[in-house]
Amino acid sequence: MSKKYWETLPQGSVVLEAGNSAKFKTGSWRSMRPKWIEENCIQCMFCWMYCPDMSVKVNAEGKREDFNFDYCKGCGICALECPGKKGNKAIVMEEEGK
Ligand code: SF4
Ligand code: SF4
């Protein structure tokens with residue numbers, strides 16, 4: 001594999017093609033990952049609203065499903081905002097790879 005130098009890398013902060021963010025899988029450099037605890041989930045969708053990477057999957061019935069780990073970068077916002085059920089969080093952050 002040939003090395004890329006700064007002169008040959010694509011310019012940052014420039015949208016070269018509409019919708020190209022789908023090609024950049026931001027989950028590859030995650031150090032923490034959210035874990036969904038379904039029994040504590042009240043389907044409030046706060047996690048879906050707050051996620052900056054649209055990484056909370058929603059099914060055809062409008063119900064929350066597990067995360068899309070291709071794009072989740074492990075920021076933890078979903079876990080912070082999740083109210084959970086009776087004080088028990090439905091999202092907890094774990095170290096990646098554990
Ligand atoms: S950890 Fe961050 S990027 Fe991943 S699902 Fe939660 S809010 Fe989205
Ligand atoms: S914020 Fe928590 S309780 Fe609300 S839908 Fe997401 S996981 Fe479920």
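Summary table below
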| quantity | calculated |
| --- | --- |
| Answer from 84, 19 - the residue that is at positive phi and touching a helix residue (DSSP H, G or I) at 6+ places or on another chain (Cβ under 6 Å) | 84 |
| Residue list for the stretch 83-98, restricted to those being over 26 Å from residue 22 (Cα atoms) and either within 13 Å of ligand 2 (Cβ to nearest atom) or among the small types (Gly, Ala, Ser) (or both) | 83, 84, 85, 86, 87, 88, 89, 90 |
| Within the stretch 44-82, tally of residues that are within 11 Å of ligand 2 (Cβ to nearest atom), open to solvent by 60 Å² or more (accessible area, probe 1.4 Å) and assigned to a loop (DSSP other than H, G, I, E, B) | 1 |
| Residue among 90, 22 that is under 17 Å from the mean Cα position of the chain (by Cα) and more than 14 Å from ligand 1 (Cβ to nearest atom) | 22 |
| Residues located in the stretch 28-43, provided they are within 9 Å of ligand 2 (Cβ to nearest atom) and assigned to a helix (DSSP H, G or I) | 38, 40 |
| Residue within the stretch 33-49 that is free of Cβ contacts under 8 Å to residues at least 12 places away in the same chain and of a type in the set (Phe, Trp, Tyr) present | no |
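The values are calculated or read from the model by the stated rules, or taken from the named source; none is laboratory data. What you see is a predicted model; the values in this text were computed from it and never measured. Every residue, glycine among them, receives a Cβ derived from its backbone with ideal geometry; neighbour counts consider all protein chains shown. Calculation scope for accessible area: heavy atoms of the full protein, side chains included, ligands and nucleic acids excluded. Shrake-Rupley method; radii C 1.70, N 1.55, O 1.52, S 1.80 Å.
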